[in-house]
């Protein structure tokens, strides 16, 4: 069953009175999640659960399960949560009570830290259902609070609309519909009591006794005071131990060294598996098998190590190469929005997402949202990109603003010492000049002709410097094709701006396109041949213009190739060739719905070329 448009329910993990937790697969991110589906008797309760869950979504802590998505399905509230590997504490206590008892103090301190993350917010959150069944113990013995279906914001003097929680662990006042932070302290004390079993840890027993006092005023008033008291008592207890300090220290050191060795070996194996998987994806991408490459990169992220950066960056690059950058950003937003693998803190990923939105989609508001989250110390270019993105989103500033910003960015690129970083910066700058001039010209801002010409000229000069830097083939292979495509576009625009130099600029644009084609090894940039045909047309080379229009049509450049070819033949009054191209174009999907084609058809009917 598919719910929320993208989650496939695999099997139930846990059932309760009001809810069921399912293991689910995210069909877009190819990841496993736990989804809690909560049934409420009244619609307002569903909305209340969703409202409270949205508060919890913003809280990130290693001992709290991450909530990554919240939605309504068939009047039920659905919470999409991190799927935590391990055992719940209740099962662990039954299967291995000695392990639970031995780690009771450590588990308790971890749970206290989790509750502090909830209670110490500006608007405290009361968990309300602390019990062993809602605590997962991971294989590395870290604990994680799960199941936030009953949590709520604390309102002083308020009462719960319903009495929630589990009777065995709930504080007396909670059963009457009243909760505050001390109710969670009571439930934690009961959970600690279950972990401690028949053990005689005096420190733990003393803390438990105070925590589970039936009267809220006689309990710990905050989790912080409870934590400090447990730590103090544990310190006192250790002084009474009869073990030799030297022996204990040696055991600790030996254990730490052995654990460190095992951890190091594990890290080496994981790093090696990750590297080999990403390399396999790179090879598939080089061979043009983008589907296989996507599977390898996804495996590296989801199955091996979601905290490494490279697979995310490669995956985004794959989507850009496939011509579906919006799908790539949707995928990255899924990871970033959920905080998966700390992607929301990966500056390189945020920066590349911003560039994708800026360059490929020209969605400047979206670009600004990524750039604003990127560390400017690590990526100084962000400051200039953010300013221009904001400007292009609204055009609410004087043109001098963006011209000054462009000059500052240009000066920055000249100051960058490291060669590859300078190449990247100049590449971004040149592309920014191209985009800015096209957008400003299209929206006719200010004295657009003058200002656009200034930006284009600046982009042309920087592009020339970039091409010189790329003469060093150490760097050229990765960036040269992109630079050539940008320079050809800038030269084309300059030729349109300055008719007296059109032939010179158009020829230069063609030379860049020829060089780019050589680098593509049979993989042609979409629309390349149509663009080249128009450039030949612009310099009066009729033979090559027709040659490249035909090449564009045979290479599947679509409706635009045919309509541009027909417009050219119409302007030259070559009606016999026009009629032939027109008949060939009828088999192209969607061409008859385009305004250009309809206009051409009407013209041909007026000239009586379409009789019979």
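In table form, for the structure just shown:
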quantity	calculated
Residue that is assigned to a helix (DSSP H, G or I), farther than 26 Å from residue 99 by Cβ and at pLDDT 90 or above, where the choices are 225, 187	225
Residue within region 288-300 that is within 14 Å of the chain's Cα centre (by Cα) and surrounded by fewer than 16 Cβ atoms within 10 Å (Cβ to Cβ) present	no
Close pairs (7 angstrom Cβ cut-off, 6 or more residues apart or separate chains): without any contact (Cβ under 8 Å) to a residue 60 or more places away in the chain in region 84-99, assigned to a strand (DSSP E or B) anywhere	86/136; 86/137; 87/137; 88/135; 88/136; 92/137
Which listed residue is free of Cβ contacts under 8 Å to residues at least 40 places away in the same chain, surrounded by 22 or more Cβ atoms within 10 Å (Cβ to Cβ) and in a helix (DSSP H, G or I), from 329, 313	329
Positions within region 464-488 being under 27 Å from residue 541 (Cα atoms) and either out of contact with any helix residue (DSSP H, G or I) (no Cβ under 7 Å at 6 or more places or on another chain) or modelled with pLDDT of 90 or more (or both), in sequence order	464, 487, 488
Pair list, Cβ < 7 Å and 6+ apart or interchain, from region 431-459 residues that are assigned by TED's automatic domain parsing to the domain that holds residue 495 to residues that are at pLDDT below 65 and outside any helix (DSSP H, G or I)	443/395; 445/395
Check on residue 98, under 21 Å from residue 174 (Cα atoms), surrounded by fewer than 17 Cβ atoms within 10 Å (Cβ to Cβ) and modelled with pLDDT of 85 or more	no
Unique match (being touching a helix residue (DSSP H, G or I) at 6+ places or on another chain (Cβ under 7 Å), assigned by TED's automatic domain parsing to the domain that holds residue 482, assigned to a helix (DSSP H, G or I) and closer than 30 Å to residue 463 by Cα) among 533, 561, 509	509
From the options 337, 341, 323, residue that is surrounded by fewer than 22 Cβ atoms within 10 Å (Cβ to Cβ), touching a residue at least 40 places away in the same chain (Cβ under 8 Å) and touching a strand residue (DSSP E or B) at 6+ places or on another chain (Cβ under 9 Å)	337
Matching residues, region 589-612, being part of a loop (DSSP other than H, G, I, E, B) and either at pLDDT below 90 or loosely packed, with under 15 Cβ neighbours inside 10 Å (or both)	589, 590, 607, 608, 609, 610, 611, 612
Extreme residue, surrounded by the fewest Cβ atoms within 10 Å (Cβ to Cβ), among residues of region 63-83 that are within 30 Å of residue 342 (Cβ to Cβ) and free of Cβ contacts under 8 Å to residues at least 40 places away in the same chain	72
Exclusive hit being under 16 Å from residue 348 (Cβ atoms), part of a helix (DSSP H, G or I) and within 16 Å of the chain's Cα centre (by Cα), set 335, 307	335
Pair list, Cβ under 6 Å, 6 or more apart: region 566-589 residue on the phi < 0 side of the Ramachandran plot, other residue modelled with pLDDT of 90 or more and surrounded by fewer than 17 Cβ atoms within 10 Å (Cβ to Cβ)	569/577
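The values are calculated or read from the model by the stated rules, or taken from the named source; none is laboratory data. Quantities reported herein were computed from a predicted structural model and do not represent experimental measurements. Here Cβ is always computed from backbone atoms with ideal geometry, including for glycine, and neighbour counts include all displayed protein chains.
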